[in-house]
1. Summarise the partner chain shielding of A:156-168 as one whole number: the mean count of Cβ atoms from other chains within 10 Å of each residue's Cβ.
2. Throw me the Rg/Rh for segment B:85-131, computed over C-alpha atoms with Kirkwood Rh, two decimals.
3. How many angstrom lie between the C-alpha centres of segment A:69-114 and segment A:189-243?
4. Apply 1/(1 + (r/R0)^6) to the Cβ-Cβ distance of A:ALA133 and B:ARG71, taking R0 = 35 Å, and write down the FRET efficiency to the nearest 0.05.
5. Using every alpha carbon pair in segment A:261-397, what percent of pairs falls into each 10 Å bin from 0 up to the bin containing the largest distance?
6. Tell me the label-point distance for the pair A:GLN311, A:THR171, using the 7 Å Cα-to-Cβ offset, in nm and rounded to one decimal.
7. Tell me, rounded to the nearest percent, the portion of alpha carbon pairs in segment B:122-229 spaced more than 22 Å apart.
8. In nm², what is the average projected area of the convex hull enclosing the Cα atoms of segment A:154-303?
Amino acid sequence: VSVNRPLFDAIFKESDMKTRTIAMGVLMLLTSLGTQADETCNSPYMSKLIKGQEDFVHVLTLGVQGWGDGSDKLVTIDANPASKKYGKVVHSVSMKERGEAHHMGFTDDRRYLWAGGLESNKIHVFDVGSNPAEPKLVRTITDVGAKTGYGGPHTFYAMPGRMLIGMLSNTADKGGITGLAVYNNQGQFVAKYPMPTSQIGGVQGDGYGYDVAINPAKNALLTSSFTGLDNYRRELGAVVGDAAAMKKFGNTMVMWNLKSMQPTQVLSVPGAPLEIRWSLNPGDNWAVTATALTSKLWLVKPKAGDTSGDQWEAKEIATIGDPAKIPLPVDISLTADGKGLWVNTFMDGMTRYFDLSKPEQAREVYAKQTGKQVNMISQSWDGKRVYITSSLLEKWDKTGGDNEQFLRAFHWDGKELKPAFEVDFAKEKLGRAHHMKFSVKADSARALAAPAAPMAVARAR
Amino acid sequence: MQVAHPARRRVLLATLAAVATGARAAADPTQPLAPRMDFVPLRAGTYTLQRIQTCPDAMLVDAAARRVSLRELTTGKITLLSFFYTYCTDPWGCPFAYATLTGLRDSLLTDPALARRVRFVNISFDPTHDTAETLRLYAGKLHANPQFEWRFTTAATMGQLLPLLDSFGQDVAVTHDAQGKPTRIRNHMLKMFLVDPQGMVREIYSLNFLQQPVLLNDIRTLALEAGRL
C-alpha cells in the first residue's frame, strides 16, 4: 500500500484507545532508538542535523592587517579522520573587508550560514548547503542599522523560516542599549524588539543584549546581556581601567513570551551573562549561562513554588576558576544529555568540564590549559570531539607571544582531552579564529530530480 | 469502524512496527518526540503575528486534475499550507502532520463561521508518483467536504516544484541506499505555513512548534485581525 493515510486513520481515528496507545508507543520507541543529532550549540530547531562524524568545521575569522588580504573570512577545515585532508584547511572565502566578524548561525534548513560583523553592522550570508567543502558568499545584508537602529549583530538563532538575531549595540550612541531583530530567510527585515529598560517582575531591565535561546515547550525565549560597541571596540585594558566603562555591562537576563515577543520577566544575573544553553534532554526546562565578569555559572529554571507555570528564577550554581583574577569565561558547551558543561576561560586559557548531572550542584571535575588564550568551544553531539578556538575580539585578544590564533581539535574519552589536530591561523595568515560550525557532505535537494524506484499505487480499501 | 478483532489488531501493530522501523532513517534525528507544550497559550487576538514573507505563486495541479494557481489557494481565506508526500512513513513527518491537521479541522468545525474562513492546502513533493488520482486516493473525502476546504495539490513537474520549495525554504532530499541509488524516502523537515487572506506568511511551524492549541489561537488571531470574528 503506497498511500498511508488509511493506516494512520486506523491509528489516529478508527482504532480503540488501547490499540492506539500501544501503536504510538511502538512508534515513539522505535523512533527514539534512532536518536542521534548535531552539535549542541546551534538552535536545535533545524533540519539536516549531523548524526555522527562531522566532515567540516567552518571557522569565522577576524581579519588581521598584513595577513593575506587582511579581511574577515570563513575558513573551512576538513575534520573527518577518514579523509586524506583531515585537519587541513580546504577552503577560505574572504568578505573583502574587516568588520569584526564574530558569530554565525545556520538557517533552519541548514543551507545558509549567517555571519555578523560587530563593527561593520553587516550580515554575510554563505551558501554552505550546496557544497559544504566550498562555502560561497551569496548575500550581504547591509540594512540592519537602518531598519532597526541597532548595531553589532551577534547571535544568529534559527527559527522556522527566519533568523532571530541578538544585537549588542545601537547606531545612535554605540552604547549597549539594543534589541532583537528578525529577518526572514530571504534576508528581508521582518521585525525588531527592544530589550526592556523598565522594571519587570521587580527587576530593572538594563537594555543590554547578547545571546538568545528558545524553549518551545515553554513558549520561552531567554536573552542575556553584554556591552555596547563603545566597550567591545576599545582595548580591554582601557575598559577594565575605566570605572565608568565597567558600569556599562549587562547584569540581567530576560525571559520573553516567544509568541508575542514581549518580555515577561527580568532576572538579576550580575556580571555580563553571555552564552545561553537550554538543556536538550527531553523533559528538562532549564538553561545555563556563565557570567564573564563575575566568573559564575547560573541556572535559569521554573521558579520554586510557582503554580502559574510561567515564573522563572536565576540561581548561581558554581564558581569558575578564581573570580578575583577575572578568568573571563567566554563560551560554554552543554552536552546533549544536559549532564556536562564545557567552559572556556579566556585569560588563563583553561578549558573546564563541570558535572551538571545535578544542575543545582554543578561541580568542576576536569581542567586543562588548552591555549594561552581560548574562546569558543564546540562539541560533537556524542561529545567525543571537542573543538577550541582562540580569538575573543580584535581589541581584547592578547598581544605578543600570547596572541596565539588557532583551531585545536581534541578527542574526549570522559577523562582526558587528547589532541587530534591543530590549525595555526597565524602561520596560515587566515586571521583571528573565532566562531565554529560543523557541516557534512549531504544529499542535494536537486537529487529529487532523479526518479525514485518505480512504485505501485494500490487502493487501500 | 473499530479495529477490535485481535487478529486485525495484530496485523495493524505488525504493519505499524514495520513502517516505524523503515521510517527511522527518515526521521529527523533530534526530533524523536511529539512537541511538548508546558504552557498556557496566549489568548487569541492579544498578540500580533509577524509578517514573515509574501507567499510565492506557482501553477499547481489539484486532485481533480485541474490547474490552479497557488495565489488563488493562499488568498481570500486564512490558509494553512504544508508540503507532504502520500507514501511518507516518518512518524514525525507527514503522518504527524496529517494527525495535527485532522485534529485542527475538527476543532475548527465546532465554529462553522470560523471554519468557513480557513482552508488547508497540501502540496506533494512528488509530482511523479502523487498524480491527481493518487491525491484523490489520499484525500479520501477530505477534499470534497463542503464544511471545510482542504485542497491536495502538486506541481506538474519536479522542475516547477523546486523553485517553489526554495521560495518557502522547504528543504527536502532523497535518501540514497548503500549502493547510492535513490530510495523512496524524502527526508524533509516538517513545516506548516500560516498565510493570511492577503497572501502574507504570518507564522511557520516546524515539529517543535506544532502545538494544536497554538495553531488554533493563531488562526483565530488572524481572523480577529480582519475584524469579522
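1. Numbers: counts 0, 0, 1, 5, 15, 13, 6, 0, 0, 0, 0, 0, 0.
Whole-number average of other-chain Cβ neighbours for A:156-168 is 3.
2. Details: Rg = 13.1 Å, Rh = 12.1 Å.
Taking Rg over the Kirkwood Rh, I get 1.08.
3. 27
4. Working: r = 39 Å, r/R0 = 1.11.
Working from the Cβ atoms, E equals 0.35.
5. Per 10 Å bin, starting at zero, the Cα-Cα P(r) for segment A:261-397 comes out as 12, 43, 32, 11, 1 percent.
6. Taking the two extended label points, one gets 4.1 nm.
7. Numbers: 2745 of 5778 pairs.
I get 48 percent for the Cα pairs in segment B:122-229 exceeding 22 Å.
8. Details: hull surface 37.5 nm².
Dividing the Cα hull surface by four gives the mean projection, 9.4 nm².
No value in this document is a laboratory result; all are computed from the given coordinates. Keep in mind the model is a prediction, meaning the values are calculated, not measured. Positions of Cβ are generated from backbone atoms using ideal geometry, with glycine treated the same way; all protein chains shown enter the neighbour counts.
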